[in-house]
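Here the structure is laid out as structure tokens; the discussion comes afterwards.
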Amino acid sequence: MDHSRVPVLEALQEFRRRGDVVYGPPGHKQGRGADPAVLDIVGEGVFASDVLSLNGLDDRRQSQGVLTRAEELMADAVGAEHAFFSTCGSSLSVKTAILAVAGPGEKLLVSRNAHKSVIAGVIVSGVRPVWVHPAFDAERHLAHPPEPEDVRRALREHPDAKGMLLITPTDWGSCADIRGVAAVCHEYDIPLIVDEAWGAHLPFHPELPAWGMDADADLVVTSVHKMGGAIEQSSVFHLQGERVSPEVLKQREDLLGTTSPSSLVYATLDGWRRQMVRDGFGLLDAALRRAERVRKAVTAMPGLRLMGPEVVEQGLTAELDLLKITIDVRELGISGMQATEWLRTHCHVDIGSSDTCRISAQITHSDDDRTENLLVDSLDRLVQHAGTLESRPPVRLPAPRALQLEQAMLPREAFFAPAEHVPSDRAVGRVAAETISPYPPGVPVVAPGEVITREVVDYLTSGVAAGMLIPDAADPTARTFRVTATR
């Protein structure tokens, strides 16, 4: 295919060249009605490029096939049979993927280290989740993706499951054995969905971890805005094989997706695909060399413990995305949340993910010498000033096994059940009626329907006291918990 073409960008350019006057949405009419202060900050180009797909980028019959041609080029670029653009982020795309594979009351294997959007998908769809617990790393207190044998064990117990949802890479960069998990799923003739939100860059350089389509996954969801070059909410479905119907996937997406998709998302997805096909190897090669230098510098800093290839060598995870710079800061006597706040306040450096133990910064093709040096210098300053940070109460980290909670009710049933708030000390033994996710990274400690334990209550209450954020909880202070009214 001709990857020099960018159908959406070309259609947008032609729309602007023609100077069409629009008598329909959007109401700002290519920026003429936008507030001057908004134009000054956001820029006129944003509004000039905010165009409807119908009677804008294309006509009402979509006779030019603008979006279809862009999606076909994307599929060809990454080795998929089909690709579909989504403008609502992978938070919605993963819900669509769930609905395309399993219906209400049907079983779906789900990796329990899933993002809260996956839990929301389980609630919306009404599927029966069979949790496949990740490989817990007790030393680092983090979760790596489950292994093929974990999936096989779950399928032996639940051979009627309709599919498997695997999360890889994690927020911290550890990656699953996708090919091994796919082989197990295909033995049972069920599809493997991969939530590869952090992996849009993976198809474009051989030194990066395996890309889901190359590793025999059936359906892969990516968030191009995370590690790629598209704007926020840019997501793509990638599909191959016959286990998931393209027609069903499109219908489920139509059920959940917006009827007013953003041309800005479409255009940036289209342009990013061309950039990666044309220049991706060189750009990502430079990013990998840059990350290598950052890693070497961090390794030499006292009090910082970098997560590196040793997690693969120790058999804790199949692969590691080295563009993720994941650093344990506990030896500095501070938490990851404190480190993040200090770096923002004193260095104007914003870190992607942090928790009680660590921070994680990502290097992408967009970084340059200035941003590389700024990150290294800022981390060095953090090491020098860590002793001046105010001491915070310790977080009572639960043992890995304590995070495997009993599922007493289906998530959907618990979420919509009559509920009440109880003080934290009375929540132990009760069934959660809410999702509670320390954020970022947004992996739920408690999902609706799970039985709350003393270890979890202690972890959340002590975490909040130390600066943890749990914005999706009904009571973000963790003084009370929302539980089902009857157990």
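The values are calculated or read from the model by the stated rules, or taken from the named source; none is laboratory data. Predicted model only: the values in this text are computed from it and were never measured. FYI the Cβ positions are ideal-geometry reconstructions off the backbone, even for glycines, and counts take in every protein chain you see.
Observations on the model:
- All of (1) assigned to a helix (DSSP H, G or I); (2) hydrophobic (A, V, I, L, M, F, W, C); (3) touching a Leu at 6+ places or on another chain (Cβ under 8 Å) hold for Ile119 with one exception: (3).
- Among the residues of the range 299-315, those that are crowded, with 21+ Cβ neighbours inside 10 Å and either within 21 Å of the chain's Cα centre (by Cα) or part of a helix (DSSP H, G or I) (or both) comprise Met307, Val311.
- Residues of the range 187-198 satisfying the condition of being in contact (Cβ under 8 Å) with a residue 40 or more places away in the chain and part of a loop (DSSP other than H, G, I, E, B): Asp189, Ile190, Pro191, Ala197, Trp198
Residue-wise test of (1) modelled with pLDDT under 95; (2) part of a helix (DSSP H, G or I).
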site	(1), (2)
Thr96	no, yes
Leu99	no, yes
Gly105	no, no
Leu109	no, no
Ala114	yes, no
Ile123	no, yes
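This table checks each residue for (1) among the β-branched types (Val, Ile, Thr); (2) surrounded by fewer than 19 Cβ atoms within 10 Å (Cβ to Cβ); (3) in contact with a Gly (Cβ under 8 Å, 6 or more places away or on another chain).
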{"site": "Val122", "(1), (2), (3)": "yes, no, no"}
{"site": "Ser125", "(1), (2), (3)": "no, no, yes"}
{"site": "Asp137", "(1), (2), (3)": "no, yes, no"}
{"site": "Arg140", "(1), (2), (3)": "no, no, no"}
{"site": "Arg153", "(1), (2), (3)": "no, yes, no"}
{"site": "Gly180", "(1), (2), (3)": "no, yes, no"}
{"site": "Asp189", "(1), (2), (3)": "no, yes, no"}
{"site": "His205", "(1), (2), (3)": "no, no, yes"}
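- Some residue of the range 36-47 being part of a loop (DSSP other than H, G, I, E, B) and either under 24 Å from the mean Cα position of the chain (by Cα) or on the phi < 0 side of the Ramachandran plot (or both): no
- Top-ranked residue of the range 384-414 - restricted to ones that are small (Gly, Ala, Ser) and assigned to a helix (DSSP H, G or I), ranked as farthest from the chain's Cα centre (by Cα): Gly387
- Failed item, numbered, when Pro261 is tested on (1) under 17 Å from Ala75 (Cβ atoms); (2) in contact (Cβ under 8 Å) with a residue 60 or more places away in the chain; (3) outside any helix (DSSP H, G or I); (4) touching a strand residue (DSSP E or B) at 6+ places or on another chain (Cβ under 9 Å): (1)
- Scanning the range 157-165 finds one or more residues that are at pLDDT 95 or above, part of a strand (DSSP E or B) and of a type outside the set (Asp, Glu).
- Residue tally, condition free of Cβ contacts under 8 Å to residues at least 40 places away in the same chain and in a loop (DSSP other than H, G, I, E, B), over the range 318-366: 4
- Of the residues making up the range 462-487, those that are touching a strand residue (DSSP E or B) at 6+ places or on another chain (Cβ under 7 Å), crowded, with 18+ Cβ neighbours inside 10 Å and assigned to a loop (DSSP other than H, G, I, E, B) number 2.
- Selection status of Gln30, at pLDDT below 95, within 22 Å of Gln13 (Cβ to Cβ), part of a loop (DSSP other than H, G, I, E, B) and in contact with a strand residue (DSSP E or B) (Cβ under 8 Å, 6 or more places away or on another chain): no
Conditions (1) of a type outside the set (Val, Ile, Thr); (2) assigned to a helix (DSSP H, G or I), marked per residue:
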residue: Gly180; (1), (2): yes, yes
residue: Cys185; (1), (2): yes, yes
residue: Ala200; (1), (2): yes, no
residue: Pro206; (1), (2): yes, no
residue: Asp214; (1), (2): yes, no
residue: Thr222; (1), (2): no, no
residue: Ile231; (1), (2): no, no
residue: Glu242; (1), (2): yes, no
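- Checking Val110, Val132 one by one, the residue that is free of Cβ contacts under 8 Å to residues at least 40 places away in the same chain, aliphatic (A, V, I, L, M) and either in contact with a helix residue (DSSP H, G or I) (Cβ under 8 Å, 6 or more places away or on another chain) or under 22 Å from Glu242 (Cβ atoms) (or both) is Val132 and no other.
Residue-by-condition table, conditions (1) within 32 Å of the chain's Cα centre (by Cα); (2) more than 30 Å from Gly241 (Cβ to Cβ); (3) surrounded by 14 or more Cβ atoms within 10 Å (Cβ to Cβ); (4) not hydroxyl-bearing (Ser, Thr, Tyr):
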{"position": "Met1", "(1), (2), (3), (4)": "yes, no, no, yes"}
{"position": "Val8", "(1), (2), (3), (4)": "yes, no, yes, yes"}
{"position": "Val21", "(1), (2), (3), (4)": "no, yes, no, yes"}
{"position": "Gly56", "(1), (2), (3), (4)": "yes, yes, yes, yes"}
{"position": "Arg61", "(1), (2), (3), (4)": "no, yes, no, yes"}
{"position": "Ala70", "(1), (2), (3), (4)": "yes, no, yes, yes"}
{"position": "Ala77", "(1), (2), (3), (4)": "yes, no, yes, yes"}
{"position": "His82", "(1), (2), (3), (4)": "yes, no, yes, yes"}
{"position": "Ser86", "(1), (2), (3), (4)": "yes, no, yes, no"}
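- Counting residues in the range 344-361 that are surrounded by fewer than 18 Cβ atoms within 10 Å (Cβ to Cβ) and within 30 Å of Val277 (Cα to Cα) gives one or more.
- The range 424-471, residues that are among the acidic types (Asp, Glu) and touching a residue at least 60 places away in the same chain (Cβ under 8 Å): Asp458
- Residue match in the range 422-436 (condition: surrounded by 15 or more Cβ atoms within 10 Å (Cβ to Cβ), of a type outside the set (A, V, I, L, M, F, W, C), in contact with a strand residue (DSSP E or B) (Cβ under 7 Å, 6 or more places away or on another chain) and modelled with pLDDT under 95): no
- The residue of the range 316-343 that is surrounded by the most Cβ atoms within 10 Å (Cβ to Cβ), among those that are among the polar types (S, T, N, Q) and within 25 Å of Gly228 (Cα to Cα), is Thr326.
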